[in-house]
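*Asks:* Here it is, the structure in full.
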Amino acid sequence: MAEKPVIYSTQGAAEGPLLVIHGGAGKRRHPSTPEHQEKATAALYRALDAGMAVLSSGGEAIDAVVAAVHVLEDDPEFNAGYGATLTASAKAELDSCLMMGNGEAGAVAGVTTVRNPIDAARAVLEQTKHVLFAPPSIDELNLWEITQVPEDYFVTPLRLEQLRELQELPDGGWGHAKGHGTIGAVARDMKGNICAGTSTGGMCNQMPGRVGDTPIIGAGTYANQETVAISCTRTGEKFVQEVAGYQVHARVLWAGQTPAEAISDVLDAIEARDGNGGIICVPAQGEGIVGRNACAQMNWGYAFGDTRYAEV
Ligand code: ASP
């Protein structure tokens, strides 16, 4: 029988501003060298500082999430924005989603020129009456004043090398931890409002056009003021099949589970489908929860008050 998922909580932060972030989960350790691990840890701390600077000055959860996500999207250690994994055609196709506890949501899938995909997700949330573009046109991105870059900005030597290595493996290395490093942030602000954001390059060597759980509202990203803000990572197909984010919400709201119990059960269901990964959550009230399958390593951190914690 599979081992029970590993659950952590942000002890001491049951109310007030709270930020929890992740930098992906996977079966094997990546970043794989101490140097990469150090850089990834430093980036997690920078993201926590950026998000908490917003929250502690009375800013909104959505601004804290976007600030933390920007730091991780711009850092090549993570599979989002600059440093994203590549599709089988050696191109980056980026997905991102942002959802607030009041139900407002925006997402983009398969963008190839957006430097910070979370900005495009936010533009969908704030500037359109829609929730998902797959992908938005260049004209729409220009209209929303989104910073764009040439497609080859995303093709880093490390990700190209990983792609070539995976292409040598049986089944194209599908699900291999080399593609690990999706990022996400969930926050609660001084008013108690919650928000979730996730950003990814998807799975290394995925078929062009493939979209995982990240931009699917209710699967990889979800927020509901009655319960929790959620961001998920890893084998996206399984998180979609389990409607993971919404399932955590439903378990808390209607089955009376705590967020920790709900996350543990959802991770069990993911593993039963032969998937693995992690989930972070900030409830409207209560401590933040980070869960991962026992077989998965996870990059994550949290911040409240002057407390900062991160591990890779
Ligand atoms: N969940 C992401 C996807 O399936 C990948 C990851 O989190 O590693 O696209």
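*Asks:* Given the criteria surrounded by 24 or more Cβ atoms within 10 Å (Cβ to Cβ) and modelled with pLDDT under 95, does Ala296 qualify?
*Replies:* Numbers: surrounded by 24 or more Cβ atoms within 10 Å (Cβ to Cβ): yes; modelled with pLDDT under 95: yes.
Taking the combined requirement at face value, the residue satisfies it.
*Asks:* Here is a follow-up. Would you say Val211 is surrounded by fewer than 24 Cβ atoms within 10 Å (Cβ to Cβ), in a loop (DSSP other than H, G, I, E, B) and within 9 Å of the ligand (Cβ to nearest atom)? Write out each step before concluding.
*Replies:* Working: surrounded by fewer than 24 Cβ atoms within 10 Å (Cβ to Cβ): yes; in a loop (DSSP other than H, G, I, E, B): yes; within 9 Å of the ligand (Cβ to nearest atom): yes.
So Val211 passes the test.
*Asks:* Out of the residues in segment 216-260 that are among the β-branched types (Val, Ile, Thr) and within 15 Å of the ligand (Cβ to nearest atom), which is modelled with the lowest pLDDT?
*Replies:* Checked segment 216-260; the qualifying residue modelled with the lowest pLDDT is Thr235.
*Asks:* Now, a different point. Only one of (1) touching a Cys at 6+ places or on another chain (Cβ under 8 Å); (2) buried (at least 18 other Cβ atoms within 10 Å of the Cβ); (3) not in a strand (DSSP E or B) is not met by Val20, so which one is it?
*Replies:* In the conditions (1) touching a Cys at 6+ places or on another chain (Cβ under 8 Å); (2) buried (at least 18 other Cβ atoms within 10 Å of the Cβ); (3) not in a strand (DSSP E or B), Val20 misses (3) alone.
*Asks:* How many residues does segment 224-259 hold that are among the hydrophobic types (A, V, I, L, M, F, W, C) and in a loop (DSSP other than H, G, I, E, B)?
*Replies:* Residues of segment 224-259 among the hydrophobic types (A, V, I, L, M, F, W, C): 228-230, 232, 239-240, 243-244, 248, 250, 252-255.
In the following step, the residues that additionally are in a loop (DSSP other than H, G, I, E, B) were identified as 243, 255.
Looking only at that region, the number is 2.
*Asks:* Hey, among the residues in segment 55-107 that are free of Cβ contacts under 8 Å to residues at least 24 places away in the same chain and outside any loop (DSSP other than H, G, I, E, B), which one's farthest from Gly173 (Cα to Cα)?
*Replies:* Looking only at segment 55-107, we keep the residues that are free of Cβ contacts under 8 Å to residues at least 24 places away in the same chain, and these are 57, 63, 67, 104.
Next, only the ones that are outside any loop (DSSP other than H, G, I, E, B) stay: 63, 67.
Working: Asp63: 37, Ala67: 33 Å.
By that ranking, first place goes to Asp63.
So that you can scan it fast, the table gives a plain yes or no per residue for (1) over 30 Å from Gln225 (Cα atoms); (2) surrounded by fewer than 18 Cβ atoms within 10 Å (Cβ to Cβ); (3) under 15 Å from the mean Cα position of the chain (by Cα); (4) away from the ligand (no atom under 16 Å from the Cβ):
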residue	(1), (2), (3), (4)
Gly83	yes, no, yes, no
Ala109	no, no, yes, no
Pro117	no, no, yes, no
Arg122	no, no, yes, yes
Thr128	no, yes, no, yes
Phe133	no, no, no, yes
Leu160	yes, yes, no, yes
Arg164	yes, yes, no, yes
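*Asks:* Wholly within segment 265-308, which strands (runs of 3 or more DSSP E) include no fewer than the required count, namely at least 2 residues that are of a type in the set (Phe, Trp, Tyr)? Write out each step before concluding.
*Replies:* Numbers: elements: 277-283, 289-292, 297-304.
Result: 297-304.
*Asks:* Residue check, Val124 against (1) within 14 Å of Ile216 (Cα to Cα); (2) assigned to a helix (DSSP H, G or I); (3) touching a residue at least 40 places away in the same chain (Cβ under 8 Å), all met but one. Which one?
*Replies:* Failing condition for Val124: (3).
Conditions tested, residue by residue: (1) out of contact with any Cys (no Cβ under 8 Å at 6 or more places or on another chain); (2) surrounded by fewer than 20 Cβ atoms within 10 Å (Cβ to Cβ).
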{"position": "Pro215", "(1), (2)": "no, no"}
{"position": "Gln225", "(1), (2)": "yes, yes"}
{"position": "Gly236", "(1), (2)": "yes, no"}
{"position": "Gln241", "(1), (2)": "yes, yes"}
{"position": "Ala244", "(1), (2)": "no, no"}
{"position": "His249", "(1), (2)": "yes, no"}
{"position": "Val266", "(1), (2)": "yes, no"}
{"position": "Arg273", "(1), (2)": "yes, yes"}
{"position": "Pro283", "(1), (2)": "yes, no"}
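*Asks:* Please verify whether Gly256 is of a type outside the set (A, V, I, L, M, F, W, C) and touching a strand residue (DSSP E or B) at 6+ places or on another chain (Cβ under 9 Å), treating the condition exactly as stated. Don't jump to the end; show me each part of the working.
*Replies:* Numbers: of a type outside the set (A, V, I, L, M, F, W, C): yes; touching a strand residue (DSSP E or B) at 6+ places or on another chain (Cβ under 9 Å): no.
In short, no.
Yes/no per residue for (1) under 21 Å from the mean Cα position of the chain (by Cα); (2) away from the ligand (no atom under 11 Å from the Cβ); (3) buried (at least 24 other Cβ atoms within 10 Å of the Cβ):
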{"position": "Gln167", "(1), (2), (3)": "no, yes, no"}
{"position": "Asp171", "(1), (2), (3)": "no, yes, no"}
{"position": "His176", "(1), (2), (3)": "yes, no, no"}
{"position": "Gly179", "(1), (2), (3)": "yes, no, yes"}
{"position": "Ile183", "(1), (2), (3)": "yes, no, yes"}
{"position": "Met190", "(1), (2), (3)": "no, yes, no"}
{"position": "Thr198", "(1), (2), (3)": "yes, no, yes"}
{"position": "Gly202", "(1), (2), (3)": "yes, no, yes"}
{"position": "Met207", "(1), (2), (3)": "yes, yes, no"}
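The values are calculated or read from the model by the stated rules, or taken from the named source; none is laboratory data. Predicted model only: the values in this text are computed from it and were never measured. Every residue, glycine as well, gets a Cβ built from its backbone with ideal geometry; the counts of neighbours run over all protein chains shown.
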